[in-house]
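> Please find one structure pasted underneath; my questions will follow.
The values are calculated or read from the model by the stated rules, or taken from the named source; none is laboratory data. This is a predicted model, so every value here is computed, not measured. Positions of Cβ are backbone-derived with ideal geometry, glycine not excepted, and every protein chain shown enters the neighbour counts.
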Amino acid sequence: MSCCFQIFRRKGSSSATLLTGIDIDVSEIQNVNIYTYKDLQIATEGFSPANKIGQGGFGAVYKGKLKNGSLVAIKVLSAESKQGVREFLTEIKVISSIEHENLVKLEGCCVENNHRILVYGYLENNSLAQTLIGARHSSIQFSWHVRRNICIGVARGLAFLHEEVRPHIIHRDIKASNVLLDKDLQPKISDFGLAKLIPPNLTHISTRVAGTAGYLAPEYAIRNQVTRKSDVYSFGVLLLEIVSGRPNTNRRLPVEEQYLLTRAWDLYESGEAETLVDAFLDGDFNIEEAVRFCKVGLLCTQDSPQLRPSMSAVLDMLLGEKDVNKENVTKPGMIFEFVEAKSVGKQKSKAEVDGTTLLAEGKQEESSSSGTVSSFATMTFTAIYDRSN
């Protein structure tokens with residue numbers, strides 16, 4: 001097996017650090033600050049559990065203080081995970097080359113020996129998953145005004161990735177835990193480890209399924225085809241979560257209320273969309289605006305990706321600059337059960353839910369819509385609605 005290595009240079013320095021044993025071309029990654037492992041050990045007090053602020057499928061996140069006094073979030077990837085290596089390189093390549101007020105800022109990385117660490121600016125108010133969605137342990141007051149600004153901010157960030165960056169970027173894992181909040185509760189999209197760059201000549205990319213159950217677009221889960229509309233679907237789910245203050249799935253509720261999308265659709269059809277709004281707001285919200293946001297969420301989660309709006313159109317509708325009432329809404333597409341896939345011939349693949357994160361790995365070639373999709377990853381699914389309607 002062949003492998004290659006590349007050099008990461010410290011900004012303004014001729015020193016270099018090697019990251020070896022990785023069969024991915026990282027030659028396009030430039031101008032990244034390099035920290036030593038000792039620097040980050042000191043910053044986190046030896047990666048003390050007291051400084052641990054998060055745990056994901058590919059490692060832990062620690063709060064740290066650099067020598068210059070700045071606070072940072074230090075994401076340490078598991079050395080055993082090959083997928084982690086791939087995500088690490090993708091995240092550096094994607095986020096180091098772009099800058100936007102609604103995207104996290106990469107401060108640098110550590111690639112010393114087997115250590116793979118990303119260093120981000122520290123965001124004081126953690127993620128939406130830890131402060132709003134399904135949790136009532138935060139002291140933050142999520143007023144309607146705050147929720148509105150968060151929704152609009154995330155939409156701005158996604159519209160930037162989808163339409164302004166060249167080549168366009170598909171995030172592939174938009175969810176509450178990947179939206180961080182700064183001291184002013186401004187949202188920042190984080191975790192670009194699963195991101196894909198899509199050239200302008202392609203309508204979609206066929207790739208392994210990677211994302212989070214509940215946020216995963218049906219066509220992506222079934223056909224392994226990811227487009228910008230896959231992110232739009234995920235955003236629609238997130239939008240409804242922010243409005244309602246509840247996660248997309250809650251099995252402790254009565255059966256008819258367990259799935260947020262079905263609940264939102266039922267209320268919308270009966271003309272009671274405002275009922276979906278978080279009860280913690282105690283009626284202190286703009287009803288017309290809330291109903292509009294609910295409808296936008298449903299537009300984003302329609303079964304057919306062709307019917308979903310672009311993120312720039314979504315942003316215009318959220319801002320009230322585009323009349324959402326002129327848009328027809330069809331039933332949302334939803335997949336909520338995944339089981340382990342069986343091997344096909346000599347190719348072994350699996351779809352697994354690790355917590356809530358889904359990764360289906362198998363032999364997969366990237367292709368355009370005119371090419372041939374080769375995949376040995378399979379999964380079963382249950383659709384809420386008759387997809388022929």
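> Quick check on the range 129-138. Is at least one of its residues buried (at least 20 other Cβ atoms within 10 Å of the Cβ), part of a loop (DSSP other than H, G, I, E, B) and in the same structural domain as Gly193 (by TED's automatic domain parsing)?
yes
> Just to be sure I understand, how many residues within the range 267-318 are among the charged types (D, E, K, R) and more than 16 Å from Arg148 (Cβ to Cβ)?
The total comes to 5.
> Identify, please: which residue in the range 134-181 is within 22 Å of Tyr122 (Cα to Cα) and of a type in the set (D, E, K, R) and is, among those, modelled with the lowest pLDDT?
So, considering only residues that are within 22 Å of Tyr122 (Cα to Cα) and of a type in the set (D, E, K, R), the one modelled with the lowest pLDDT is Asp173.
> How about the range 229-278: which of its residues are of a type in the set (Lys, Arg) and surrounded by 24 or more Cβ atoms within 10 Å (Cβ to Cβ)?
Correct list: Lys229 only.
> Shifting gears a bit: Select from the range 148-179 the residues that are under 20 Å from Asp278 (Cα atoms), in contact with a Pro (Cβ under 7 Å, 6 or more places away or on another chain) and not small (Gly, Ala, Ser) and list them in ascending order.
If the condition is that a residue be under 20 Å from Asp278 (Cα atoms), in contact with a Pro (Cβ under 7 Å, 6 or more places away or on another chain) and not small (Gly, Ala, Ser), then Ile150, Val154, Val179 are the ones that fit.
> Can you tell which of Gly64, Gly54 is farther than 23 Å from Pro167 by Cα, outside the structural domain of Lys175 (by TED's automatic domain parsing), buried (at least 16 other Cβ atoms within 10 Å of the Cβ) and at pLDDT 95 or above?
Gly64
> For a quick check of your reading of the model, give me the residue pairs whose first member lies in the range 292-313 and is more than 20 Å from Gly214 (Cα to Cα), whose second is part of a helix (DSSP H, G or I) and of a type in the set (Gly, Ala, Ser), with beta-carbon atoms closer than 6 Å and at least 6 apart or on different chains.
Ser312/Ala159
> Which residues, taken from the range 290-314, are out of contact with any strand residue (DSSP E or B) (no Cβ under 8 Å at 6 or more places or on another chain) and crowded, with 23+ Cβ neighbours inside 10 Å?
Phe293, Cys294, Val296, Gly297, Leu299, Cys300, Met311, Val314
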